[in-house]
Amino acid sequence: MNLRTLPAPVQAEATTESNFVHIAALCPATKSVASQPETIELPGGKRYTPDYCVETQDGGQSFWEVKLESRIGSYRHRFALAAAHFSQRGAPFFVISEKQLRDGRLHRDARLILRYAKASYSPQPISDVLQCLQASPDGLSIADLRERLQVPRELLFHLIAQRQITFARGVGTTETTVLKATQSTEFTNALHLARWFNVSPWRANP
C-alpha cells in the first residue's frame, strides 16, 4: 500500500490489516508504519512477529497485532509475553480485532477521506480553514466550517488526508464531526492513535 502520509509502502495481507493501515495513516501522531517489523524470542523457546510497528511523532514506537476476534482468546498468553517484552523497551503493545476496526463507520470514513489526498485546491480557502481552526483551540464542526468559510466538505477531507487538520474526538465524516488544527502536543504519541481505535495496551504477565 502506498499512502501519501507515510514515508514508505506498507504491506497488508488482509482487509482487516489494510483497514488498520488506512486509519493509522490518517492519524497525525503516526510518523511511519512497518509491517512484520521484527521477530522476538519469548520464554519457552517460542517466537512471535507482530503485524505492525508504528513510529510516532514523539519518537516512540508501538507494536500492533491485527487479529480475528474469534482467535484472540487462544493467543492471550503469547500476547501477554509479547507485551512484557516490548514494555521493557518502553513500547506499548496493542491487539485490535476486525470488529473494533469496523466499529461504526471508522474504516469506511478513513477510506473516504483518503480518496481526497491527491486533490488540488487553491491556497486561499486552505489558509482560511487553517487560520480559523488555529483560532479555535476546541475545534469546530464540519458544519460550522462550511457555513463560516463557504468551503466544501471535500476540501476539509483533503486537509485531513494531508494531516494539516484532524479530528478533535473521533474519526467521522458527518456534519457534527469536530475538527482541530494539528499543531498540538496531544497528537504525537501512540496513545492518541489508540484512542482512535478505542483500545488500551495489552497487559503483560504479572
remark   = If we keep only residues of the range 1-57 that are in a loop (DSSP other than H, G, I, E, B), under 15 Å from the mean Cα position of the chain (by Cα) and surrounded by 22 or more Cβ atoms within 10 Å (Cβ to Cβ), then the residue modelled with the highest pLDDT is D51
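Given the criterion out of contact with any helix residue (DSSP H, G or I) (no Cβ under 7 Å at 6 or more places or on another chain), touching a residue at least 12 places away in the same chain (Cβ under 8 Å) and within 26 Å of D58 (Cα to Cα), identify the matching residue among A194, A110. Spell out how you get there, then give the answer.
Values: A110 fails: out of contact with any helix residue (DSSP H, G or I) (no Cβ under 7 Å at 6 or more places or on another chain).
From the options A194, A110, the qualifying one is A194.
Could you please give the count of residues in the range 113-130 that are touching a strand residue (DSSP E or B) at 6+ places or on another chain (Cβ under 9 Å) and surrounded by fewer than 17 Cβ atoms within 10 Å (Cβ to Cβ)? Even if it seems obvious, please write down each step before you answer.
Filtering the range 113-130 for residues touching a strand residue (DSSP E or B) at 6+ places or on another chain (Cβ under 9 Å) gives 129-130.
Narrowing the set further to residues that are surrounded by fewer than 17 Cβ atoms within 10 Å (Cβ to Cβ) leaves 130.
Residues meeting the conditions: 1.
Of the residues in the range 139-174, how many are farther than 17 Å from H192 by Cβ and not polar (S, T, N, Q)? Lay out the reasoning, then the answer.
Kept after step one, since they are farther than 17 Å from H192 by Cβ, are these residues of the range 139-174: 140-159, 161-162, 173-174.
Next, only the ones that are not polar (S, T, N, Q) stay: 140, 142-149, 151-159, 161.
Number satisfying all stated conditions: 19.
With the condition kept exactly as written, say whether any residue in the range 119-139 is touching a His at 6+ places or on another chain (Cβ under 8 Å) and not aliphatic (A, V, I, L, M). Break it down into steps so the answer makes sense when it comes.
Restricting attention to the range 119-139, the residues satisfying the condition of being touching a His at 6+ places or on another chain (Cβ under 8 Å) are 119, 121.
In the following step, the residues that additionally are not aliphatic (A, V, I, L, M) were identified as 121.
Yes, there is a match, as at least one residue in the range 119-139 is touching a His at 6+ places or on another chain (Cβ under 8 Å) and not aliphatic (A, V, I, L, M).
Criterion first (modelled with pLDDT of 90 or more and assigned to a helix (DSSP H, G or I)) does S120 satisfy it?
The answer is no for S120.
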ask   = Hey, does the range 6-28 have a residue that's closer than 16 Å to F94 by Cα, out of contact with any Leu (no Cβ under 8 Å at 6 or more places or on another chain) and hydroxyl-bearing (S, T, Y)?
value = no
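Take the residues in the range 29-57 that are acidic (D, E) and touching a residue at least 24 places away in the same chain (Cβ under 8 Å); name whichever of them is nearest to T5 (Cα to Cα).
Looking only at the range 29-57, we keep the residues that are acidic (D, E), and these are 38, 41, 51, 55.
Checking which are touching a residue at least 24 places away in the same chain (Cβ under 8 Å) leaves us with 51, 55.
Working: D51: 19, E55: 13 Å.
Step by step, filter the range 29-57, then rank; the result is E55.
Considering each residue of the range 58-73, count those that are hydroxyl-bearing (S, T, Y) and modelled with pLDDT under 95, and give that number.
1
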ask   = Which of (1) under 20 Å from the mean Cα position of the chain (by Cα); (2) surrounded by fewer than 22 Cβ atoms within 10 Å (Cβ to Cβ); (3) hydroxyl-bearing (S, T, Y) is the odd one out, the single condition S62 does not satisfy?
value = (2)
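The values are calculated or read from the model by the stated rules, or taken from the named source; none is laboratory data. Small disclaimer: the values here were computed from a predicted structure and weren't measured. Positions of Cβ are backbone-derived with ideal geometry, glycine not excepted, and every protein chain shown enters the neighbour counts.
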